[in-house]
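First comes the structure, then the notes that go with it.
The values are calculated or read from the model by the stated rules, or taken from the named source; none is laboratory data. Remember, predicted model here, so these are calculated numbers, not experimental data. Reconstructed Cβ throughout: ideal geometry from the backbone, glycine too, with neighbour counts over all protein chains shown.
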Amino acid sequence: MGCYIETFPDVPSLIEYDLWKEQGFTGDYENYLLRQREFSLKGQKFFICGKLGPHCADCFGVGDFLCDYPVGNDKTCDRAMCQKHAHEIAPEIHYCDAHYKEWVEFRDSGGVSEILKNIIAFKREK
C-alpha cells in the first residue's frame with residue numbers, strides 16, 4: 001500500500017463541494033465556503049495511504065492524470081501527474097510541464113493555425 005503527499009487547496013472547488021454534499025452536507029455553496037474559511041487548512045500538507053494509482057512524478061501526490069502528449073508510434077508520454085501539475089489543453093487532454101512548454105511554443109509560433117489551414121472538412125452525405 002502506497003502513501004501520497006497532498007496539499008489542501010487555496011480555494012475550495014465545486015467538485016469538493018459536490019463531494020461534501022454526497023457525504024451529507026446540506027448547506028449551499030456560500031455556506032460551504034464559509035465553513036472552509038473557518039477551518040482553513042490551505043497550503044498544509046497531509047498524507048493519504050491506499051491503492052490510489054501512480055504517484056505524481058513531480059510532487060509524490062496522487063497521479064490522477066497521465067500526459068497525453070504524442071511521442072510517436074501511436075504512444076503518449078504517460079507521465080503521471082496530479083491535478084496541480086497537469087495542464088489541460090483541451091477537454092480530457094493533459095500535458096506534463098515539459099510537454100506543455102513545447103505545446104505553448106508551438107501554439108504561439110502559429111503552428112496550430114498552420115496545421116488547421118490544411119484540413120478539409122468532411123462533407124456528410126444525405
Q. Which is surrounded by 11 or more Cβ atoms within 10 Å (Cβ to Cβ), touching a residue at least 24 places away in the same chain (Cβ under 8 Å), assigned to a strand (DSSP E or B) and under 13 Å from the mean Cα position of the chain (by Cα), of HIS94, HIS85?
A. HIS94
(Q) Report every pair of residues separated by at least 6 positions or lying on different chains whose Cβ atoms are under 6 Å apart, first residue within segment 10-28 and in the same structural domain as GLU38 (by TED's automatic domain parsing), second modelled with pLDDT under 80 and of a type outside the set (Gly, Ala, Ser). (A) ASP10/LYS42; PRO12/GLN36
Q | Pairs with Cβ under 8 Å, 6+ apart, first in segment 99-110 and without any contact (Cβ under 8 Å) to a residue 60 or more places away in the chain, second assigned to a helix (DSSP H, G or I) | A | PHE106/VAL112
**Q.** Index of the failed condition, ARG79 passing every other in (1) touching a residue at least 24 places away in the same chain (Cβ under 8 Å); (2) under 14 Å from the mean Cα position of the chain (by Cα)
**A.** (1)
